[in-house]
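Could you have a look at this structure, given as structure tokens, before my questions?
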Amino acid sequence: MKSIVKTMGKIVKWIMIAIVVVILLFLIIRAIGRAYYRRTPKGGINESMYVEINGTKQWISIYGEDINNPVLLYLHGGPGSSTSSYDYAFTRQWADVYTVVTWDQRNCGKSYSIEQNNTELTYELLMSDGIEMTKYILEYLEKDKITLLGHSWGTYYGCNLVLNYPEYYEAYIGTGQLVDFDENEIAFKESASEWVGDDAEGLALLSRLNVGDYTGDYFAARNSLMVKYGYDMFADGTDYSLGAAQYFNPYYSLSDYTNYMNAKNTVYDKFLSSKEFNKFSLAGRYEYQVPFFNINGDKDYQTNYLIAQDYFDNIVAPNKKIYIMENTTHGLLESKSKEFSRILHEIAEIINP
């Protein structure tokens, strides 16, 4: 009996040692990777900070290979869906032609705090955030203008900023372009009806889509339809490892990931079904004072690419061009980051020949 107990004690001991070794290896490898991505390019910039914007601390990162390059501000989607846990993996592919600023908009990602859920989101507040952040970046990086690149909700946000404050922006680039949310959802339901046909499971999901009543159940059914029929954001997979990008993220501590996972953005849930969100609609707003570019996927029904194409055709701008990426859904920044980067380099050459 004593020998069994002794043997079990040794096994437990070695198991504990193995666990400690695995944890240490995990932390050491992560530290090495983070140190690599924290490096500042010679003549460039690699910084992150919190900026005081309208009574809140909002987080940005700044990365570029040449501090003299033009500046591009990337606006993530959602609203409220920060990509800062991994987006450096695709934004740094643009860093040879742009100094790229990524921004966790109020109350999401590294800008999240539970207290902010008491603040109602309005059109005026978000627009004020956008222009105040723009002014801060212009002053901090000593530039006269910046380029905006928005994805999904970020296109709604970016277009409104450019339309209202063109004097601060060199160009607008939209990807996964949203034009009008209600129109988008009507088109989505029509497309989904074609995917579903007479499939009973699909028809049950379709019956839960009541356009205009944007509840949690609505979006759950909508997402299930896209996954079931192969049109979801990551239907194409990714051309880099999201897991590795998060593991080696130079900006995120382990506690940041805990906060990220525990964030409850109920304020954005309410915003999506509010009149304030509808004020961002671009319907009938076609006149831009800055160059206008779009990069959309031809399988993107999350923000309907056909509506975006029609909107683009009506745009009046000093310069405009649209790119359609073939066999590509809404997650083009992750699924085809290299092809996206190639297109963005072409646009950068057009803007700054």
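The values are calculated or read from the model by the stated rules, or taken from the named source; none is laboratory data. What you see is a predicted model; the values in this text were computed from it and never measured. Cβ sites come from the backbone with ideal geometry, for glycine too, and all protein chains shown count toward neighbours. Accessible surface is based on the protein model in full, side chains and every heavy atom, while ligands, DNA and RNA are left aside. Shrake-Rupley method; radii C 1.70, N 1.55, O 1.52, S 1.80 Å.
Is it fair to say Phe181 is under 22 Å from Glu276 (Cα atoms), at pLDDT below 95 and of a type outside the set (S, T, N, Q)?
Spelling it out, it is not the case that Phe181 is under 22 Å from Glu276 (Cα atoms), at pLDDT below 95 and of a type outside the set (S, T, N, Q).
May I ask you to list the residues in segment 300-338 that are open to solvent by 50 Å² or more (accessible area, probe 1.4 Å), farther than 15 Å from His151 by Cα, touching a helix residue (DSSP H, G or I) at 6+ places or on another chain (Cβ under 8 Å) and not basic (Lys, Arg)?
Leu306, Asn319
For segment 339-353, which residues satisfy the criterion of being open to solvent by less than 50 Å² (accessible area, probe 1.4 Å) and in contact with a strand residue (DSSP E or B) (Cβ under 9 Å, 6 or more places away or on another chain)?
Listed by number, the residues that qualify are Phe340, Ile343, Leu344, Ile347, Ala348, Ile351.
Could you please let me know if Ile186 is open to solvent by less than 60 Å² (accessible area, probe 1.4 Å) and of a type in the set (Val, Ile, Thr)?
no
Here is a follow-up. Among the residues of segment 24-82, which ones are touching a Ser or Thr at 6+ places or on another chain (Cβ under 9 Å), under 23 Å from Cys108 (Cα atoms) and either assigned to a helix (DSSP H, G or I) or open to solvent by 50 Å² or more (accessible area, probe 1.4 Å) (or both)?
Residues satisfying the conditions are Glu47, Ser48, Tyr50, Asn54, Gly55, Lys57, Ser81.
Shifting gears a bit: Kindly indicate which of Gly55, Gly64 is within 28 Å of Ile295 (Cα to Cα) and among the small types (Gly, Ala, Ser).
Residue meeting the stated conditions: Gly64.
Further question: Scan segment 278-296 and tell me whether some residue there is acidic (Asp, Glu), surrounded by fewer than 20 Cβ atoms within 10 Å (Cβ to Cβ) and not in a strand (DSSP E or B).
no
Now, a different point. Taking the conditions exactly as written (touching a Lys or Arg at 6+ places or on another chain (Cβ under 7 Å) and among the β-branched types (Val, Ile, Thr)), does Val101 satisfy them or not?
no
Now for a separate question. Does segment 201-214 include one or more residues that are part of a helix (DSSP H, G or I) and open to solvent by less than 10 Å² (accessible area, probe 1.4 Å)?
Among the residues of segment 201-214, at least one is part of a helix (DSSP H, G or I) and open to solvent by less than 10 Å² (accessible area, probe 1.4 Å), which makes the answer yes.
Among the residues of segment 106-115, is any under 14 Å from the mean Cα position of the chain (by Cα), without any contact (Cβ under 8 Å) to a residue 60 or more places away in the chain and over 22 Å from Tyr37 (Cα atoms)?
Yes, because at least one residue in segment 106-115 is under 14 Å from the mean Cα position of the chain (by Cα), without any contact (Cβ under 8 Å) to a residue 60 or more places away in the chain and over 22 Å from Tyr37 (Cα atoms).
Only one of these conditions is not met by Lys143: (1) open to solvent by 40 Å² or more (accessible area, probe 1.4 Å); (2) in contact with a Gly (Cβ under 9 Å, 6 or more places away or on another chain); (3) closer than 24 Å to Phe340 by Cβ. Which number is it?
The one condition Lys143 does not meet is (2).
Within the group Asn118, Asn107, which residue is modelled with pLDDT under 95 and open to solvent by less than 30 Å² (accessible area, probe 1.4 Å)?
Only one candidate passes the filter, namely Asn107.
Could you list all residues from segment 151-183 that are of a type in the set (A, V, I, L, M, F, W, C) and under 14 Å from the mean Cα position of the chain (by Cα)?
Correct list: Trp153, Ile173, Leu178.
Which one of these does Val179 not meet: (1) surrounded by fewer than 17 Cβ atoms within 10 Å (Cβ to Cβ); (2) in contact (Cβ under 8 Å) with a residue 24 or more places away in the chain; (3) in contact with a helix residue (DSSP H, G or I) (Cβ under 9 Å, 6 or more places away or on another chain); (4) of a type outside the set (Lys, Arg)?
Every listed condition holds for Val179 apart from (1).
Sticking with this one: Quick one: in segment 215-239, which of the residues that are part of a loop (DSSP other than H, G, I, E, B) and either more than 24 Å from Asn327 (Cβ to Cβ) or among the aromatic types (Phe, Trp, Tyr) (or both) is nearest to the chain's Cα centre (by Cα)?
Phe234
Between a residue in segment 131-155 that is free of Cβ contacts under 8 Å to residues at least 40 places away in the same chain and any residue that is in a helix (DSSP H, G or I) and open to solvent by less than 10 Å² (accessible area, probe 1.4 Å), which pairs come within a Cβ distance under 9 Å, given they are 6 or more apart or on different chains?
Correct list of pairs: Ile131/Leu161.
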